[in-house]
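Report on the following structure.
The values are calculated or read from the model by the stated rules, or taken from the named source; none is laboratory data. This is a predicted model, so every value here is computed, not measured. Virtual Cβ from ideal backbone geometry, glycine too; neighbours counted across all protein chains shown. To get the accessible areas, we keep the full protein, side chains included, count just its heavy atoms, and leave off ligands, DNA and RNA. Shrake-Rupley method; radii C 1.70, N 1.55, O 1.52, S 1.80 Å.
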Amino acid sequence: MAKKPVTKIDPRKELSPYLNHEFNQQKNSRKGQAKISASLSSLQAERRRSLRRRLGLIMTVSILAVVGLGYYISPLANISTVKVVGADDLPIKEVVKVSKIKASDKVFDYLFQQKDLSQKLSKKYPEIQSAQAHLDHVNQLILQVNERPTMGYLKDGDNYRKILNNGQIGSKSLTWSKVDQVKPIFVGYNKSGFLKEDLKLFNSLPKNFRNQVKLLSGNTRRNSQIIFVMKDGNVVVGNVVTIKDKVKYYDQIKVKAGKNSLIDLEVGAFSRPLTSSEKKAYGIS
């Protein structure tokens, strides 16, 4: 019986694919571990930075809170002086008294009570529309007063009082030197109802005409009548219903009428020279 040929097998050659596969897996595993390790290190570094930022923020807020609290309870937070700005015609000491601001009060107490402060002052003084408190330096308080616009002045005996844009009358009497003479003077208005009606009518007239008016007289013969004393020395008489449509003719009429004339726009439109008694009544020299 013939013998079968014997095939020789090289173990290293047979195991080579397996060993190479194992080697590659171990190599890739080491690379993956290296990547994960690097990623973890980066994450830990970011966490440390985030923690430091949070701690820094907490410490900053804490320090500011301590400093703020220390300032608030110290005498430095007490009001040392009050400066009133914007109330030129109002008594400063009285305004401060009405605001109830005292030297022993804390500055910050008034910085957060702006609405209450405005209400106190506007209730006492119609001239005041609003008021705000501002901090100046360490413990000086500035009281900024905002006054209502002045539409004209009401003659009150020998003095004058502001007529405000909401129709109210100012609380303080002013001398002639304190009057803005560009604004019209309302004379003879003893009833507030007539004053408000004529003020509303006056504000509805063309600006060009309003700028020429020196005085409005409430001493009329009829409630429907309105009288304007002009800055050029003329007197315009009109009807409250029709005057708005007729004042546009004033500039044309005054050229023909001349100085110190009465221009009647109440019924039709005509003019004549003022009499001596009329000049005296309307304060025209």
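Data table
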{"item": "Label zone at GLN252 (point 7 Å along Cα-to-Cβ), backbone N below 17 Å, segment 192-208", "result": "206"}
{"item": "Gain in span if fully extended, HIS134 to VAL267, counting 0.36 nm per residue against the direct Cα distance", "result": "42.2 nm"}
{"item": "Debye, to nearest 20: dipole size of segment 152-285, +1 on Lys, Arg Cβ, -1 on Asp, Glu Cβ", "result": "160"}
{"item": "Cα Rg, Dmax (largest Cα-Cα span) when computed across segment 166-285, Å", "result": "14.1, 43"}
{"item": "Segment 178-265: relative contact order in percent, alpha carbon pairs under 8 Å with at least 6 residues between", "result": "24"}
{"item": "Straight-distance crosslink candidates among aspartates and glutamates, where the alpha carbon sits under 16 Å from LYS254 and sequence neighbours closer than 8 are dropped", "result": "ASP232, ASP264, GLU266"}
{"item": "Positive-end residue, segment 131-285 charge dipole about Cα centroid, Cβ charges, pick of TRP176, TYR250, PRO273", "result": "PRO273"}
{"item": "³J(HN,Hα), Karplus 6.51/-1.76/1.60, whole Hz, each residue of segment 237-248, x for Gly, Pro", "result": "10, x, 9, 4, 7, 10, 4, 4, 7, 9, 5, 5"}
{"item": "Fully extended contour minus Cα-Cα distance, from GLN168 to LYS102, at 0.36 nm per residue", "result": "20.8 nm"}
{"item": "Accessible surface, per residue, of segment 187-248 when the full set of protein chains is kept, probe 1.4 Å, Å²", "result": "53"}
{"item": "Dipole of segment 106-264, positive end: most advanced residue of ASN211, LEU121, GLY167 [Cβ charges, Cα centre]", "result": "ASN211"}
{"item": "Extension reserve of the LYS244-ARG221 stretch, reckoned as 0.36 nm per residue once the Cα distance is removed", "result": "6.3 nm"}
